[in-house]
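A.B. asks: Here's a structure for you.
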Amino acid sequence: MLEYVCSTLLVFHTLLVTGQRFLEPQTNTFNSSFKLSAEQITKAKLSSELANNIEVALNYERSNWAFGSIAEDSFYTVPENFTASTPPGTLLKVEPLTNTTFYTLAPNLALSRILFTTETYNKTVVPASAYILWPFSPNLQSGSNKAKTVVFAHGASGEFGDCTPSHMRGLLYQFQATYALALAGFAVVAPDYQGLGINYTFGFDNTTGQSGGTRTPVYHPLIGNPSLANDLFYSREAALQAFPSRLSDRFVIMGHSEGGGAAWAAAERQVTNPVPGYLGTIAGSPAANFSAVVDFALSLGATEIPGVNLLAWAAQGMFPDFRLSDVLTPLGVARLELQAEIAGCQGVTTVISGDSTTQSPLLRDGWHDNFYLQSYLRLSSVGGQSVAGPVFVIQGTLDQSVPELVTTATVNATCSAHPESVLEYLVVNGTTHVPTLYATQREWLGWINARFDGVPVDSSGGCQTTVRQPFWPIDHYQAETNWFLELALDAYQTA
């Protein structure tokens, strides 16, 4: 009888949802139909194959926007209460309960979004955005009704405004980190980073400090670790202003890839600019010293290094006299300007950098010797400095984005110069860039809980290194992510 009732209810639910209509297959570009113009194709010298591939990748990215472009979402409009005198860490706007219908969140998670102010490397105050991911059953800070808070720094999502995680259906890191944290009971404060989400500010009247109405671009400081560290601390400060009764006053910082470098920079910043409540930092697969990553690639004979063009775009924000043509060929400039025009993110970058139909280089000979690009890399890199511990660094040995040799050298440089550092280094044998987060989830969740529980870290030996071996031979394991999240439009997709 129970089986019959359940079956009847299932059929009724299916009929109710589908409404007796004909179902249609759903592609992964279901919500966008962008086509490059003939002028765009000609200017960027795109083959028919590359033009097609850019369109497919871009339409996939756009189909994963929750509310359309940031230009169409009023949340990302800079409010009038932002002026030249607004200090960093100021809360500008709150969306307490974001409509999660068009996100692909794990069930029983809730979402908020905020706008706040942060500070660039050049000490300019700019607006930025962030999201807060809320657990259903919070892991409460001892003696309070406030959720333990993790400030999360995401990996590279792209260089342009629409590459912002807070308007992506899966918030970019989904089950890799942010969902896992929230499902474990933590409130997750996650800045989009300056230049993503809000990619402009206004000119100001020097007398009144009020907006002069002229838009000034805000460049995302790609791998610009000290700037991104500011975003971590100031987003948390603003989130506390928005939700003082729900967020704990103590917090752990965690980041991966670009965010791992940002988290490392936050640990260095905490030494000279301490923020109360800080409990420690996790830096996963950290792009802490990207200058060393570039040098490593060059030592292997690489000439065209993916992502250098985006670094050049970012360098414009730090050095107004720098020009893209200083390091990019005319073709490289044309393709980067096209990518900026269409706001292509990581998927589009992958397609352009992996193009085999173009034989002409995108980077000029001697690009690596350019003063501005070298300066940008040097000023953006961290490591070798004192850190506010405890710091937990996690690195896979098969990481092709941030080589294990580079991370190990950065750890060793830090520990040699500052042997008093409380730094744990976990080397994971056989894992690649993002999958390292999955392989070590039990350990980093446990490490975060231990910090909130006041468990002392063994600091007697200073820096400590552990090598984690797989339980089975490595070839028994799924090596890479071979799936993606997509919004379900019909009941049969989640049956």
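The values are calculated or read from the model by the stated rules, or taken from the named source; none is laboratory data. Because the structure is a prediction, the values reported are computed rather than measured. Every residue, glycine as well, gets a Cβ built from its backbone with ideal geometry; the counts of neighbours run over all protein chains shown.
A.B. asks: Can you name the condition, by its number, that Asn199 falls short on among (1) over 16 Å from Gly255 (Cα atoms); (2) in contact with a Lys or Arg (Cβ under 8 Å, 6 or more places away or on another chain); (3) buried (at least 21 other Cβ atoms within 10 Å of the Cβ)?
C.D. replies: Of (1) over 16 Å from Gly255 (Cα atoms); (2) in contact with a Lys or Arg (Cβ under 8 Å, 6 or more places away or on another chain); (3) buried (at least 21 other Cβ atoms within 10 Å of the Cβ), only one is false for Asn199: (2).
A.B. asks: Criterion first (surrounded by 24 or more Cβ atoms within 10 Å (Cβ to Cβ) and assigned to a helix (DSSP H, G or I)) does Leu181 satisfy it?
C.D. replies: Here the answer is yes, as Leu181 does meet what is asked.
A.B. asks: Now for a separate question. Any idea which residue in region 390-413 is farthest from the chain's Cα centre (by Cα), counting only those that are part of a helix (DSSP H, G or I) and within 25 Å of Asn449 (Cβ to Cβ)?
C.D. replies: Among those residues, the one meeting the criterion is Val411.
A.B. asks: Also, I was wondering about something else. Name the single residue, out of those in region 431-442 being among the hydrophobic types (A, V, I, L, M, F, W, C) and part of a helix (DSSP H, G or I), that is nearest to Val188 (Cα to Cα).
C.D. replies: Among those residues, the one meeting the criterion is Leu437.
A.B. asks: Name the pairs: first residue in region 250-270 and touching a residue at least 12 places away in the same chain (Cβ under 8 Å), second residue surrounded by fewer than 24 Cβ atoms within 10 Å (Cβ to Cβ) and of a type in the set (S, T, N, Q), Cβ to Cβ under 6 Å, at least 6 apart or on different chains?
C.D. replies: Every condition considered, the pairs that remain are Glu268/Gln385.
A.B. asks: Restricting the search to region 19-62, which residues are of a type in the set (Phe, Trp, Tyr) and over 29 Å from Leu172 (Cβ atoms)?
C.D. replies: Filtering region 19-62 down to residues of a type in the set (Phe, Trp, Tyr) leaves 22, 30, 34, 60.
The answer is Phe22, and nothing else.
A.B. asks: Name the residue that is nearest to Glu304 (Cα to Cα), counting only residues in region 365-383 that are free of Cβ contacts under 8 Å to residues at least 60 places away in the same chain and buried (at least 16 other Cβ atoms within 10 Å of the Cβ).
C.D. replies: The selected residue is Trp367.
A.B. asks: In this structure, does Leu445 turn out to be closer than 30 Å to Trp472 by Cβ, assigned to a loop (DSSP other than H, G, I, E, B) and not assigned by TED's automatic domain parsing to the domain that holds Pro306?
C.D. replies: No.
A.B. asks: Look at Gly430 and say whether it is small (Gly, Ala, Ser), in contact (Cβ under 8 Å) with a residue 12 or more places away in the chain and exposed (fewer than 15 other Cβ atoms within 10 Å of the Cβ).
C.D. replies: No.
A.B. asks: Go through the residues of region 481-494 one by one and say whether even a single one is modelled with pLDDT under 95, surrounded by fewer than 16 Cβ atoms within 10 Å (Cβ to Cβ), in contact with a His (Cβ under 9 Å, 6 or more places away or on another chain) and at positive phi.
C.D. replies: No.
A.B. asks: Moving on to the next point. Among the residues of region 211-239, write down those that are surrounded by fewer than 21 Cβ atoms within 10 Å (Cβ to Cβ) and part of a helix (DSSP H, G or I).
C.D. replies: Pro226, Glu237
A.B. asks: Further, regarding this structure: Would you pick out the residues in region 127-144 that are surrounded by fewer than 23 Cβ atoms within 10 Å (Cβ to Cβ) and either at pLDDT below 95 or touching a Gly at 6+ places or on another chain (Cβ under 9 Å) (or both)?
C.D. replies: Matches in region 127-144: Pro135, Phe136, Ser137, Pro138, Asn139, Leu140, Gln141, Ser142, Gly143, Ser144.
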